[in-house]
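Heads up: the structure comes next, in structure tokens.
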Amino acid sequence: MYVWIEGYYGLGAVHGITGILTILLSCKPEELTDYLPVIGGTITALCKLSKATNGHLPMALPPYPGSRQRSELVQLCHGSPGLLVLLGAALKNKSLTCAYWDPSWDDALYLGTERVWEEGLLSKGGSLCHGVAGNAWAWLLLHDCFEYHTEILKDAQTAYLQRNQLSALPNSEISQELTSDFFLSKALAFMLHARETRPYNTSPASSDKDYRMPDEPYSLFEGLAGNLCAWADTCGVVQARLRKMELVEQGVCATSGLLQDPVFRDVFNRQLGFPALGGNGATGIF
């Protein structure tokens with residue numbers, strides 16, 4: 001837990017626990033073995049909290065007096081996008097997911113995505129920290145989970161049913177909605193729309209009047225530099241997916257087989273993950 005303001009523990013990815021856990025999950029799996037119970041339990045607690053607030057993630061615990069009571073912030077630094085980024089990292093960790101996955105993870109993914117989709121076009125524009133591009137990036141990470149790590153997800157669900165002696169998941173309809181296309185379609189829609197925000201678009205005749213200029217319009221977390229990073233990862237995701245389609249036509253389906261292809265491996269490894277948070281592990285220049 002991180003004290004964001006004295007007496008209040010932050011939950012957001014920039015100012016709180018979802019970001020801290022995302023960074024920890026970039027460690028080597030064997031380095032986390034002793035800590036998986038508390039990491040898994042904490043993720044489940046956050047997901048249940050999100051479900052209780054219809055997909056939102058409160059700014060802090062206890063509730064911060066200045067926060068809106070009926071509509072929490074929907075941005076990376078304070079809000080559900082941070083939980084989505086965390087789940088995008090957690091679901092790639094086989095040991096963590098198979099031992100501690102809970103149906104509340106899927107609930108949080110679905111409800112959190114709904115809240116970001118409905119409320120995530122923020123007035124600060126294309127910012128990573130509190131804007132359109134940052135909100136889209138979480139879906140890029142989740143696309144990769146549900147496109148290339150499906151075996152981990154199936155094993156995790158099977159293990160959960162066995163642990164709890166159940167024959168079916170309590171939220172199977174929601175789980176079936178969560179596909180790679182479910183996340184990628186939303187990510188691409190947001191990224192394409194981010195081109196309409198300042199400082200990309202300054203035409204008075206365009207929709208840029210819906211967004212104000214960011215506080216630091218050319219910075220990494222609030223401006224143009226961050227948008228470029230988001231587009232770089234978006235291009236990597238799309239190129240890898242297109243290459244996979246070509247390989248599937250050639251009879252290559254398993255992720256292990258995809259990684260044997262130099263073209264796929266090259267474009268896949270271009271994805272560096274969210275600046276300062278990761279989400280793809282420690283790759284590339286990180």
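Taking the simple approach of a point 7 Å from Cα along Cα-to-Cβ for both V252 and C27, what is their distance in nm?
In this crude spin-label approximation the distance works out to 3.4 nm.
Compute the distance in nm between two label points, each set 7 Å from the Cα along the Cα-to-Cβ direction, one at L161 and one at D210.
Distance between the two pseudo-spin positions: 4.2 nm.
Taking 0.36 nm per intervening residue step and subtracting the Cα-Cα distance, what contour gain separates Y2 from V38 on full extension?
Numbers: separation 36, 0.36 × 36 = 12.96 nm, distance 1.53 nm.
Fully extending the segment from Y2 to V38 adds 11.4 nm.
Please list the helices of the chain that count as membrane-span-like by this rule: a mean Kyte-Doolittle hydropathy of at least -0.5 together with Cα atoms stretching 27 Å or more along the helix axis, each helix being a complete DSSP H run.
Helices passing the filter in the chain: 224-249.
Once you list every other residue whose beta carbon is under 13 Å from the beta carbon of V248, what net charge do they have if Lys and Arg are +1 and Asp and Glu are -1?
On the way: positive: R241, R243, K244; negative: E147, E246, E249, D261.
Within the 13 Å Cβ shell, the charges total -1.
Give the cross-link partners of K154 among the lysines, using a straight C-alpha distance below 27 Å as the criterion and excluding same-chain residues fewer than 8 apart.
Excluding near neighbours in sequence, the set is K28, K48, K51, K92, K94, K186, K244.
Among 29-42, 133-146, what's the highest-first ranking by average C-beta atoms within 10 angstrom per residue? Walk me through the numbers on the way to the answer.
Working: 29-42: 13.3, 133-146: 27.3.
Highest to lowest by the protection proxy: 133-146, 29-42.
Report, to one decimal in Å, the Kirkwood hydrodynamic radius for the chain based on all distinct Cα pairs. List each step's numbers first, then the result.
On the way: mean 1/r = 0.0519 Å⁻¹.
Its Kirkwood hydrodynamic radius stands at 19.3 Å.
Quick check: pseudo-label points 7 Å beyond the Cα along Cα→Cβ at T202 and K94, how many nm apart are they?
It is 5.1 nm.
Among 74-86, 260-272, 102-114, 216-228, what's the highest-first ranking by average C-beta atoms within 10 angstrom per residue?
By packing density, highest mean first, the sequence is 74-86, 102-114, 216-228, 260-272.
Kindly report the accessible area of region 107-252 per residue (heavy atoms of protein chains, probe 1.4 Å, no ligands, DNA or RNA), in Å². Before the final figure, lay out the partial values.
Values: 6790 Å² over 146 residues.
Value returned for region 107-252: 46 Å² of accessible area per residue.
Sort out for me the Cα centre separation of region 150-217 from region 78-139, rounded to whole Å.
If we compute the Cα centre of each part, the gap is 7 Å.
From Cα pairs below 8 angstrom and at least 6 apart in sequence, can you work out the relative contact order of region 29-160, rounded to a whole percent? Before the final figure, lay out each step's value.
Numbers: 178 pairs, mean separation 39.4, N = 132.
30 percent.
The values are calculated or read from the model by the stated rules, or taken from the named source; none is laboratory data. Here the structure is a predicted model, which means the values were calculated and not measured. A quick note on method: Cβ atoms are made from the backbone with ideal geometry, for glycine too, and the neighbour counts reach across all protein chains shown. Heavy atoms of the whole protein, side chains included, go into the accessibility calculation; ligands, DNA and RNA do not. Shrake-Rupley method; radii C 1.70, N 1.55, O 1.52, S 1.80 Å.
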